[in-house]
Amino acid sequence: MKLILLGAPGSGKGTQAAFICEKLSIPSISTGAILREAIKNGTQTGLKAKEYMDAGKLVPDDIILGIMEDRLAEPDCANGYILDGFPRTIPQAEALEKIASIDCALSIEVSDSEIEQRMTGRRVCKDCGKTFHITGNPPKKEGICDDCGGELIQRDDDNPETVRARLTVYHNETEPLKSFYEGRGKLRRVNGVGSVEDIRDSVFETLGI
Ligand code: AMP
């Protein structure tokens, strides 16, 4: 299955992607995680991307498309993948259509006020990138990743001001993708508010997996 996860920042795309990835044994590809890794490694791409990310803006399409063309050509993508955070603009979606035939775009629907509350509590593993929430999806041991034992930190772009900027960008640039995929008969929606497990169950049911 080739699946796109759509949703505002903090809507739970990464969390649900991990469930689907485990169930279907296909990779979950997060452009945000790839960019954060590039920043950590001090690469040229990372240096360019950081200024946009810290301001809550989108990284230019040409950088993102270069990354994704390479990533989707890797062998582990042969049986499908979950795209978490890509495409985020209409030009990215059009470029993706040229290299892949997507089965479904699943939109995780969460209101802005809920998003703003959630983001401040989000924590991410410094080493493996797994996400937690201090109240909604806490790690077994405070500050420590359940999976790899890495330290949990708050992302630089999860502060309230940047969150608001990212939500504006989401509504202006990414939300039009819902109509794009709806017009192609590929859009599915799930309610993204509730327990992580309940949302997982409705995601699985909607995808028929
Ligand atoms: P995320 O982890 O998906 O919330 O992404 C974090 C940040 O990375 C975003 O706020 C953007 O600055 C950048 N980013 C991630 N994916 C994309 C994309 N597909 N297009 C442009 N910028 C992106």
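The values are calculated or read from the model by the stated rules, or taken from the named source; none is laboratory data. Remember, it's a predicted structure, so these values are computed and weren't measured experimentally. Because the Cβ atoms are built from the backbone with ideal geometry, glycine has one as well, and the counts that use them run over all protein chains shown.
For segment 65-89, a tally of residues being within 27 Å of Val163 (Cβ to Cβ), more than 7 Å from the ligand (Cβ to nearest atom) and touching a residue at least 40 places away in the same chain (Cβ under 8 Å) returns 3. Here Lys141 meets the list (1) of a type in the set (D, E, K, R); (2) assigned to a loop (DSSP other than H, G, I, E, B); (3) surrounded by 13 or more Cβ atoms within 10 Å (Cβ to Cβ) almost entirely, failing just condition (3). Scanning segment 50-94 for residues that are more than 14 Å from the chain's Cα centre (by Cα) and among the polar types (S, T, N, Q), we see that the one that is farthest from Ala17 (Cα to Cα) is Gln92.
So that you can scan it fast, the table gives a plain yes or no per residue for (1) farther than 17 Å from Asp158 by Cβ; (2) of a type in the set (Gly, Ala, Ser); (3) within 13 Å of the ligand (Cβ to nearest atom); (4) surrounded by fewer than 20 Cβ atoms within 10 Å (Cβ to Cβ):
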{"site": "Thr15", "(1), (2), (3), (4)": "no, no, yes, no"}
{"site": "Pro27", "(1), (2), (3), (4)": "yes, no, no, yes"}
{"site": "Gly32", "(1), (2), (3), (4)": "no, yes, yes, no"}
{"site": "Pro60", "(1), (2), (3), (4)": "yes, no, yes, yes"}
{"site": "Ile63", "(1), (2), (3), (4)": "yes, no, yes, yes"}
{"site": "Pro91", "(1), (2), (3), (4)": "yes, no, yes, yes"}
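Of all the numbered requirements in (1) within 30 Å of Ser195 (Cα to Cα); (2) modelled with pLDDT of 95 or more; (3) not small (Gly, Ala, Ser), Gln117 misses one, and that requirement is (2). In the set (1) over 18 Å from the mean Cα position of the chain (by Cα); (2) crowded, with 16+ Cβ neighbours inside 10 Å, the condition left unmet by Gly129 is number (1). Of the residues examined, Gly149 is not one that is more than 28 Å from Glu94 (Cβ to Cβ), touching a residue at least 40 places away in the same chain (Cβ under 8 Å) and more than 16 Å from the chain's Cα centre (by Cα). When segment 9-28 is examined, which residues are found to be touching a Gly at 6+ places or on another chain (Cβ under 9 Å) and part of a loop (DSSP other than H, G, I, E, B)? Across segment 9-28, the qualifying residues are Pro9, Ser11, Gly12, Ile26, Pro27.
For segment 44-58, the tally of residues that are within 10 Å of the ligand (Cβ to nearest atom) and either under 23 Å from Leu106 (Cβ atoms) or polar (S, T, N, Q) (or both) stands at 1.
Of the listed requirements (1) surrounded by fewer than 21 Cβ atoms within 10 Å (Cβ to Cβ); (2) among the acidic types (Asp, Glu); (3) within 14 Å of the ligand (Cβ to nearest atom); (4) touching a residue at least 60 places away in the same chain (Cβ under 8 Å), Glu109 misses just one: (3).
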